[in-house]
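Each value in this text was obtained by applying a stated rule to the coordinates, not by laboratory testing. Just so we're clear, the structure is a prediction, and the values are computed from it rather than from any experiment. As a convention, Cβ positions derive from the backbone with ideal geometry for all residues, glycine included, and neighbour counts pool all protein chains shown.
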Amino acid sequence: MNKIGVLILAIMTLLCSACNQTVSEPTKGIKKSTEAQTKVAQSEGGSEVHYPVSLKIYTDEGKEMTQTIEREPKKVVVIGSAMAEFMIEFGQKEKVVGLGYLDQSFSKHADQISQLPLLTKLWPSKESVLALQPDLIYAVSYAFKENRLGDIAFWNERGIPVVTAGNFNMGITVESYFQDIRSFGLVFHTEDKTDEFLKEQTARMDKIKKLAATATEKPKVLLMANAGRENYDYYPPDWCMIDEMIEGAGGEYLQMTKEGYVEMSMEAIIAANPDKIIVTQFQENDSEAVKNKLLTNERLKNVQAIKTGNVMVADYTNAIRGSLQLADLYEEVAAFIHPEWFGGQ
């Protein structure tokens, strides 16, 4: 190639290089601008950027499953009063299209729960739930049995995700209850409300635990649960919530057995001879009647707690499963076990 040809080739190379720079730089700028706009749109979109969300749930038998919520739930079927409480407490009650299984004794939201669209006070049928075309079922885990709502897979096959309350399985703890609240915040994108609630509850419980660390004596406390029968049931720690409150408030939770809940004989109660008794009765809201039934039992008159009148009545749901009044009960238990902390005797 002669010198003129080499010179022309060099000039063309420079021109092409300049052209490439002129085109590529604006392209990079457009790309950056587009990314920025996308981020703004996502942040302004709210629910669009939040969903879909996936979370682990557990069947009543403890089997782990994953459920994916593709978009913000708008039509929710709720099974269980405890679940209805969450919907009301965290501002989602307008999304409830059907409510079933009213299982709770007491609730600060009782009036609002009564205004929700009721399917049945018992277990609703599959057909009644399907007719509502929900985009989510929020329920106690034991709703998904063959003679109730059937298997969770039945609903997933129809495009309906299910969120269960994990705290209704064995291994009930304050932390598992709080995890249910965190899951609720994730599912309904209400983390601001659920996080604030948990912060307040935890602070109140921590205050009691600090007091308990100063306790020099630990009264023996027996939980006695009842479903209207003559005898009482015993719940081991894994089967109830209140054991943590008793221990956290400076008491000793009497362990009668490590088995599941069992019926206690009068002889077993007498032998345990607790310093204090916490009694609870399913679906019973007359606390004085529940307490007097125990205090006037002739067979138990020599039990220390009965002789001294150290008997407290606790709401069944809160004591066994937990409720939104968890910190309230924690404080009540602390005042019962160590009244001296609160100006009592």
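Using alpha-carbon pairs under 8 Å, 6+ residues apart, how would you state the relative contact order of the stretch 214-342 in percent? Could the numbers behind the result be given before it?
On the way: 211 pairs, mean separation 38.2, N = 129.
Relative contact order for the stretch 214-342 comes out at 30 percent.
Ranking request for peptides 303-313, 324-334, 252-262: highest mean number of other beta-carbon atoms within 10 Å first, then the rest in descending order.
Values: 303-313: 17.5, 324-334: 20.3, 252-262: 14.3.
Top of the packing list down: 324-334, 303-313, 252-262.
For the stretch 68-172, what's the relative contact order in percent, using C-alpha pairs closer than 8 Å and at least 6 residues apart? Walk me through the intermediate numbers first.
Details: 164 pairs, mean separation 29.7, N = 105.
After rounding, I find 28 percent.
Counting only pairs 8 or more residues apart or on different chains, how many lysine pairs in the stretch 51-189 have their Cα atoms under 14 Å apart? Provide the component values of the computation, followed by the final result.
Values: K63/K145; K74/K93; K74/K95; K75/K93; K75/K95; K126/K145.
Value for the stretch 51-189: 6.
May I ask you to list the lysines whose Cα is less than 26 Å away from that of K301, ignoring any residue fewer than eight positions away on the same chain?
Cα-Cα hits under 26 Å: K218, K220, K276, K291, K293.
What are the GluC sites (Glu not before Pro) within the stretch 125-165 that DSSP puts in a loop, where the Cβ has at most 16 other Cβ atoms within 10 Å?
Values: sites: E127, E146, E157; in loops: E146, E157.
In loop regions of the stretch 125-165 (DSSP not H, G, I, E or B), the sparsely surrounded GluC sites (Glu not before Pro) are E146, E157.
Antiparallel DSSP bridges in the stretch 214-342: what percent, to the nearest 5?
Working: 4 of 15 bridges.
If I count the DSSP bridges inside the stretch 214-342, around 25 percent turn out antiparallel.
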